[in-house]
Structure formats: C-alpha cells, structure tokens
C-alpha cells in the first residue's frame, strides 16, 4: 500500500498493526523527496529480507531482517514491485502458514502475576521482532463485569480467578468477538474463559497496575 501524505515515522507501526490484524506480510510506502520510501513487516514463516532480495533489481535500496525491513523505490516501478513481491509470497507461503499461531511461553495463574514477577519480566526488555514479549495462558478465568467495546473495536474486560485480584484486560481489534460471551439481552452467558495475553502496565494516579493485553480467548471447557 502507498500514499503520498503518510508520515514516514509511523508507517512501520501501522504495518505491524496490519500484520496483527490480517496475518499477512505488509508493506507501506510514502513519498519522500520524489521517491517512495517505506517499512515492511512479516509473519514468522515468511523471510521478508529474502523476499525483498528477489526484488532487488526493482528497488533502489532495502535493508533489514526476516521480520522487518525498510525500502525505497521509484514511482514508476511500484506496479512491477507489487507483482514480483506477490509472486514471491505466493511461491513461498502455504495456506497453512497463513493461519495465525501464538507461541505460548507458559501457563500461569493470575495470582502469580505479582510485582516481583513483573520486575523479572522487565529484565528481558527491550522487546521487539527478535525478542518478543512472552505470551501466557490462563485457563478458566471469570469475567468479573460486562465486557465493553469502544469505537475502535477494542475489547475491555475485567477478570479474576480463585479469589485473585481483578485484572483489567484489553483486546485490540477483538471487539467483534465479544458477542460470543453475551446473550441476546447483552448479559454475560459464558462466564469462564481461557485467555492468552502479554503483560503490560497501566498507570493510574501515579500507581502502576498490570494490564493483560489479550491476544486471543476461548470459552472454557466445562
């Protein structure tokens, strides 16, 4: 995708969001000094650097690694690049590799997420494509309050388990799945769910609380 007035400093972030939403390699380009420059992000089974290398005769320059890259190209080469890159992707990706997967680091209980636990996690920072935040699974958590969805389709819930403190959760772009938790009257019909998440921080009145960033959830098996 390309557009002349996109800000070069943010298109890498947007490309990452597109990968999260659609689970496809994504490239965004914008106009800089008469040429197109941009950022690319990929999924685990597609080596972005090698794919761009197969297009290097079309590109002005490129650099990066298998998960993220930057590139520049002349305007009159953009259609050739789209065609070549899509051919490379089609050749190297199977339908199974386009199904999103999550690598779960460990099963944890909510009462294990203590300040000490979070400090230990922070020692592994900074996180990025080569050092992803660990993803955790907690089974059979109780939805403490009615889920809500904001205008950006983000899902917000409060959960707890076995007398633990109540945890705030946010599921970016997961709002459409909230209906699986509610009945026709908007009341909670499925109280217990299994959640997969990373642990973030939420600052309220100068106090730091854990925030569970939902990657996925499912109705718990009885």
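The values are calculated or read from the model by the stated rules, or taken from the named source; none is laboratory data. The shown structure was predicted, so the numbers you read here are calculated from the model rather than taken from an experiment. So basically every Cβ, Gly included, is an ideal-geometry build from the backbone, and we count neighbours across all protein chains shown.
Quick one: would you say residue 60 is surrounded by 20 or more Cβ atoms within 10 Å (Cβ to Cβ) and either outside the structural domain of residue 91 (by TED's automatic domain parsing) or more than 17 Å from residue 130 (Cβ to Cβ) (or both)? Lay out the reasoning, then the answer.
On the way: surrounded by 20 or more Cβ atoms within 10 Å (Cβ to Cβ): no; either outside the structural domain of residue 91 (by TED's automatic domain parsing) or more than 17 Å from residue 130 (Cβ to Cβ) (or both): yes.
So residue 60 fails the test.
I'd like to know if the range 134-150 contains one or more residues that are surrounded by 13 or more Cβ atoms within 10 Å (Cβ to Cβ), within 26 Å of residue 12 (Cβ to Cβ) and under 16 Å from the mean Cα position of the chain (by Cα). Taking every residue of the range 134-150 in turn, at least one turns out to be surrounded by 13 or more Cβ atoms within 10 Å (Cβ to Cβ), within 26 Å of residue 12 (Cβ to Cβ) and under 16 Å from the mean Cα position of the chain (by Cα).
Among residues belonging to the range 86-124 that are part of a helix (DSSP H, G or I) and touching a strand residue (DSSP E or B) at 6+ places or on another chain (Cβ under 7 Å), point out the one that is surrounded by the most Cβ atoms within 10 Å (Cβ to Cβ). I'd like the intermediate steps shown before the answer.
In the first step, residues of the range 86-124 are kept if they are part of a helix (DSSP H, G or I); the result is 86-92, 95-98, 110-112, 115-122.
Then drop every residue that is not touching a strand residue (DSSP E or B) at 6+ places or on another chain (Cβ under 7 Å), which leaves 110, 118, 121.
Details: 110: 21, 118: 14, 121: 16.
Going through the qualifying residues, I end up with 110.
Inspection of the range 72-82 identifies at least one residue that is surrounded by 11 or more Cβ atoms within 10 Å (Cβ to Cβ), touching a residue at least 40 places away in the same chain (Cβ under 8 Å) and in contact with a helix residue (DSSP H, G or I) (Cβ under 8 Å, 6 or more places away or on another chain).
Report yes if residue 219 is more than 18 Å from the chain's Cα centre (by Cα), within 25 Å of residue 116 (Cβ to Cβ), free of Cβ contacts under 8 Å to residues at least 40 places away in the same chain and loosely packed, with under 14 Cβ neighbours inside 10 Å, otherwise no. Walk me through how you get there before you give the answer.
Numbers: more than 18 Å from the chain's Cα centre (by Cα): yes; within 25 Å of residue 116 (Cβ to Cβ): no; free of Cβ contacts under 8 Å to residues at least 40 places away in the same chain: yes; loosely packed, with under 14 Cβ neighbours inside 10 Å: yes.
For residue 219, the condition - more than 18 Å from the chain's Cα centre (by Cα), within 25 Å of residue 116 (Cβ to Cβ), free of Cβ contacts under 8 Å to residues at least 40 places away in the same chain and loosely packed, with under 14 Cβ neighbours inside 10 Å - is not met.
For the range 169-216, the tally of residues that are part of a loop (DSSP other than H, G, I, E, B), under 20 Å from residue 110 (Cβ atoms) and more than 24 Å from the chain's Cα centre (by Cα) stands at 2.
Quick grid of which residues meet (1) touching a strand residue (DSSP E or B) at 6+ places or on another chain (Cβ under 7 Å); (2) part of a strand (DSSP E or B); (3) not assigned by TED's automatic domain parsing to the domain that holds residue 66:
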| residue | (1), (2), (3) |
| --- | --- |
| 6 | yes, no, yes |
| 20 | no, no, no |
| 24 | no, no, no |
| 31 | no, yes, no |
| 36 | yes, yes, no |
| 46 | no, no, no |
| 55 | no, no, no |
